[in-house]
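This report concerns only the one structure given below.
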Amino acid sequence: MNIFVKTLRGLKGLLSGMGLTFGYFARPSKVITQQYPENRNTLKLPERSQARIDLIKNAETGRYNCIACGLCVKACPNNSIELTKFKDPETKKFRPEKFVYHFERCLVCGLCVEACKFDALRMTSEFETAAWSPDDLVEILNKDDPWAHDDKSDIGQQTAPDKNEQTASPARDTDRQEHTGAEEKTIQPKDRSPK
Amino acid sequence: MSNIPADTSIEPDFEDYYVNMGPQHPSTHGVLRLIVKLAGETVLGVTPHIGFVHRGIEKMAEALTAQQFFPLTSRLDYLSAHMNNWAWAMAIEKAAGIEVPERAEYIRIIMSELSRISSHQLWWGVFGMDLGAFTPFLYGFRDRERVNDIFEKTCGVRLTMNYICAGGVREDVDRDFEKDVREFTDYFEPMIDEYDRLLSGNIIIQERTKGVGVLDPETAKQYGCTGPTLRAGGVDYDVRKNRPYGLYPRMDFKTAVATEGDSWARYVVRLEEMRQSLKIIRQALDQIPAEGPVRAKTPMNIKIPDGHYLSRVEAARGEFALYLVGNGKILPQRVKLRSPGFSNLSALPETVKGWRIADLVTIMSTFDLVMPDIDR
Amino acid sequence: MESYIYRTDKLILDLTEWLTEATGSAFAAEVVKMSIAAAVLSAFVGLLAMILIYIERKVAGHMQQRVGPMRVGPHGILQTVADSIKLVAKEGLTPKNADAFIFNLAPLLVFASSFACLSFIPFSPGMTIVSFNVGLLFILGIASVGVLGILAGGWASNNKWSVLGAMRSGAQIISYELSATLALLAIVPFFGTLDFQEIVLSQQKGWWIWRAPGVGLLGFLIYTIASTAECNRTPFDIAEGESELTGGFHTEYSAMKFAMFFLAEFINIFIVSAISATVFFGGWMPFHIEGLDTLNRVFDLLPPIVWFFGKVACLVFVVMWFRWTFPRLRVDQLMHFEWKYLMPLSLINLALAAIAVSAGLYFFN
């Protein structure tokens, strides 16, 4: 007798599973597929969605906000940012000569954006970042500055700690704390949620 | 039906038949290599070989500041990224004596439970696929997508969130967060019943899992198994209950425990855990203060004082513990990670002995291994 | 012209007559006829496999809340064409230590056996390529040649996983063939013939699934289960078992050799569904209810070939439905199920059928 009960119960289980799949089969309205490249124009990403970093320009002056302080370079766990700076003779302030972003090393963790005190960096949701070779992923972010044209020939030679005064290259050695200037400064949680 | 005793006698002169399961194999879920000794279809022994995705994360921690190590903890067990972040945050907070705001604590709980659910959803789908049913995989991912959407709205990222940080969480939640999460809990509760309908009620699943791969509580304890793998054997150990952290003591939930210790018990425990997680999320949403800081003020580079600090969390796969040794500098002297997957995997050879190849897949699936977590 | 669609037997007769006149001898006419049939069948096989693969993908997609292929052609109808071109264009590899001759022969064996089976299927009145008085038995015999191909392929691949898959498949198909045959045999006493066309004609008054009281339904259920196992389909796809054996017997196959296994799988689904439709659901015979002549005439409006393919399509859908719902059984459970449940059940079914026939216990006799 037991076997009949078991068979019936098993059959019921099988049929209810089949009912479920048929239910979805019979209701095409339940389809959740998004046809990605076709719906590119209507694709809505959350505002906070982060895919890569970008420099912020001041809307009035048209200049980048970045003052090449190197905080982002220090915050990055992976050396993804290389930064050379120079003193602008007009404003007597430092400006980035080349802000090189190594996307091939980037974890998109957002620590650089968090570290930036000058509202110069942001995360963008530009997620289509595929490239043919790792070299294509190295990008100069202040590309609108006339001196930082698309010459990548000298990029990548500064991965080792550089004694060059003008580079704020990250220091990977254990005594980094001795030359981290921003140690005592505090970080405020940034409110990126839309008002 | 068809229990193969673990001590299936094989004639001594039987010619040994070895097969390599992995590192490229659909059901090792990553790059795990199992050397399987077979007699026909019966598994005589299994030797796991690991380390294919060893990245030396423990060593890397020694060259990274507390902040910088967070993204790497997300990449251990990438399915419980929030919990791993939390473990590291907890260790740092213990070391530096940082108080976490109440709102942040609640957000942490909600996020952790959501990622537990999403991890189990993925596991459920993959479990179905390991047993030959492809459809659960898609259903599991369909529901997981909703959790990921919530994560993306708040954390900006879908998988390796890096959201929980020392002193709280990185930023306040999205304005739609509460609505989204409540919607999700309401949506997902009936979906678990659907899961039951498609797989749990299926007699083939029951035949394939009931009594298969029994891991008795004593062996499990000896190997250091944790999480659903241990609780399926009847050991009521859950870090959230037994060594409470965060605001879990305020939550009213039950530890999902089964008694049989077989694959079916592990399956049932995980499904029950999803229900309990929903319960926790609902409570946390009711209790969370509407306003308030979500992050304590911390220096950019936190100095880790001399001393030893241990933190443990209940990740989706079991107890994730983190041992931190500081020497007064901003870089830790030593970080030791105790990942649940590693201990669970070590109990696998004991469990699969005498079962069939198909059962090896079932057992491995119910152990829910994630290789980056094991290899670190 | 129109009548030819309904009376395909007339079409075939006229064709034969015309060919005999044109060629001058009955033998030559037969040769030409067979050549035409072979050409048509080859085209049919290719087309059928493509359509079935496309349908399978769409069915799978919609059962999983997806849409299936959408890109190549409208609603992806050309997807399988593109895939076929890809498979043809790929390099056919033979592993270094494989037994090259057997390795290359195996897919042909599997494919040939499926192909041969098609020639017995009654598509429409008179439209059977080989009319044979023991067609049913013959088809069951030929179908099992395919397992040889699977065994040979798995063995010759010189891959341990492949061998495991081949052994599983051998054990499984040989076991389930018994149930499948017994389930069909239980219906044979009712119509007392093994010729497919006569089987169809015997169902003029009603289909055997319900005309044979209980036995028909039980036989149909047993046959559905056993034939699913014979086709290596989920929940009995242990021979492929992609999550266990990474593809089983066809792990090492690529390009056209793989395509042949793939093609054979889908043709087999068609064949078992066609047999099931013919034996249990009246084949090309339209659905008739005694006494309701108006309704019967409405049903007769559909040509027999539509009835046939409609029935087969429904049965194929059921097999696909199984696949996208169920997990797979373990190898020993499979054997258990066959030898301890299915086989005794089909024997009982056969005995019941014998009693029913000798007592005249069936409808519309």
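The values are calculated or read from the model by the stated rules, or taken from the named source; none is laboratory data. For clarity, every value in this text was computed on a predicted model and none was experimentally measured. Virtual Cβ from ideal backbone geometry, glycine too; neighbours counted across all protein chains shown. All accessible areas refer to the heavy atoms of the entire protein, side chains included, with ligands and DNA or RNA removed. Shrake-Rupley method; radii C 1.70, N 1.55, O 1.52, S 1.80 Å.
Okay, here's what the table says:
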read-out	value
So B:LEU76, is it within 14 Å of chain A (Cβ to nearest Cβ), open to solvent by 10 Å² or more (accessible area, probe 1.4 Å) and not acidic (Asp, Glu)	no
Any chance C:SER227 is among the polar types (S, T, N, Q) and within 14 Å of chain B (Cβ to nearest Cβ)	no
From C:SER3, C:SER35, residue being polar (S, T, N, Q) and either open to solvent by less than 60 Å² (accessible area, probe 1.4 Å) or in the same structural domain as C:TRP324 (by TED's automatic domain parsing) (or both)	C:SER3
Residue in the range B:85-99 that is at pLDDT 90 or above, in contact with a helix residue (DSSP H, G or I) (Cβ under 9 Å, 6 or more places away or on another chain) and open to solvent by 10 Å² or more (accessible area, probe 1.4 Å) present	no
Among (1) in contact with a strand residue (DSSP E or B) (Cβ under 9 Å, 6 or more places away or on another chain); (2) open to solvent by less than 20 Å² (accessible area, probe 1.4 Å) - the single one C:TRP161 does not satisfy	(2)
Out of B:ASP236, B:ASP286, B:ASP252, sole residue that is surrounded by fewer than 18 Cβ atoms within 10 Å (Cβ to Cβ) and under 18 Å from the mean Cα position of the chain (by Cα)	B:ASP236
Residue that is surrounded by the most Cβ atoms within 10 Å (Cβ to Cβ), among those in the range B:170-200 that are touching an Asp or Glu at 6+ places or on another chain (Cβ under 9 Å) and under 30 Å from B:THR65 (Cα atoms)	B:ARG170
Of all residues making up the range B:116-134, the number that are β-branched (Val, Ile, Thr) and either within 9 Å of another protein chain (Cβ to nearest Cβ) or open to solvent by 10 Å² or more (accessible area, probe 1.4 Å) (or both)	1
Conditions (1) within 13 Å of another protein chain (Cβ to nearest Cβ); (2) in contact with a strand residue (DSSP E or B) (Cβ under 9 Å, 6 or more places away or on another chain); (3) modelled with pLDDT of 85 or more; (4) in a loop (DSSP other than H, G, I, E, B): number failed by A:GLU184	(3)
Hey, B:GLU102 surrounded by fewer than 24 Cβ atoms within 10 Å (Cβ to Cβ), away from chain C (no Cβ under 13 Å) and over 30 Å from C:PHE236 (Cβ atoms) or not	yes
Count - residues of the range B:266-303 that are part of a loop (DSSP other than H, G, I, E, B) and either within 11 Å of chain A (Cβ to nearest Cβ) or within 27 Å of B:ASP238 (Cα to Cα) (or both)	10
Some residue of the range B:308-320 being more than 14 Å from chain A (Cβ to nearest Cβ), farther than 25 Å from B:ARG103 by Cβ and out of contact with any strand residue (DSSP E or B) (no Cβ under 9 Å at 6 or more places or on another chain)	yes
Answer from B:ARG146, B:ARG142, B:ARG182, B:ARG170 - the residue that is without any contact (Cβ under 8 Å) to a residue 12 or more places away in the chain and touching a helix residue (DSSP H, G or I) at 6+ places or on another chain (Cβ under 9 Å)	B:ARG142
Positions within the range A:1-59 being away from chain B (no Cβ under 12 Å), part of a helix (DSSP H, G or I) and closer than 25 Å to B:LEU138 by Cβ, in sequence order	A:ALA26, A:PRO28, A:SER29, A:PRO37, A:GLU38, A:ASN39, A:ARG40
Listing of helices (runs of 4 or more DSSP H) fully contained in the range C:252-341 that carry 1 or more residues being without any contact (Cβ under 8 Å) to a residue 24 or more places away in the chain	C:293-300, C:304-323, C:331-336
Candidate set from the range C:203-236 (those that are part of a loop (DSSP other than H, G, I, E, B) and either within 22 Å of C:ALA354 (Cβ to Cβ) or not assigned by TED's automatic domain parsing to the domain that holds C:VAL110 (or both)); member that is most open to solvent (accessible area, probe 1.4 Å)	C:LYS205
Given (1) on the phi > 0 side of the Ramachandran plot; (2) open to solvent by 10 Å² or more (accessible area, probe 1.4 Å), index of the condition B:LEU310 fails	(1)
Subset tally (residues that are more than 21 Å from the chain's Cα centre (by Cα) and either more than 10 Å from chain A (Cβ to nearest Cβ) or of a type in the set (Gly, Ala, Ser) (or both)) for the range B:162-180	6
Residue list for the range B:322-339, filter: open to solvent by 10 Å² or more (accessible area, probe 1.4 Å) and either within 21 Å of B:ARG108 (Cα to Cα) or in a strand (DSSP E or B) (or both)	B:TYR323, B:VAL325, B:ARG334, B:LYS336, B:ARG338
Test: residue in the range C:288-304 that is open to solvent by 20 Å² or more (accessible area, probe 1.4 Å) and either within 14 Å of another protein chain (Cβ to nearest Cβ) or within 19 Å of C:CYS231 (Cβ to Cβ) (or both)	no
Per-region count, the range C:47-68, residues within 19 Å of C:ILE121 (Cβ to Cβ) and open to solvent by less than 30 Å² (accessible area, probe 1.4 Å)	3
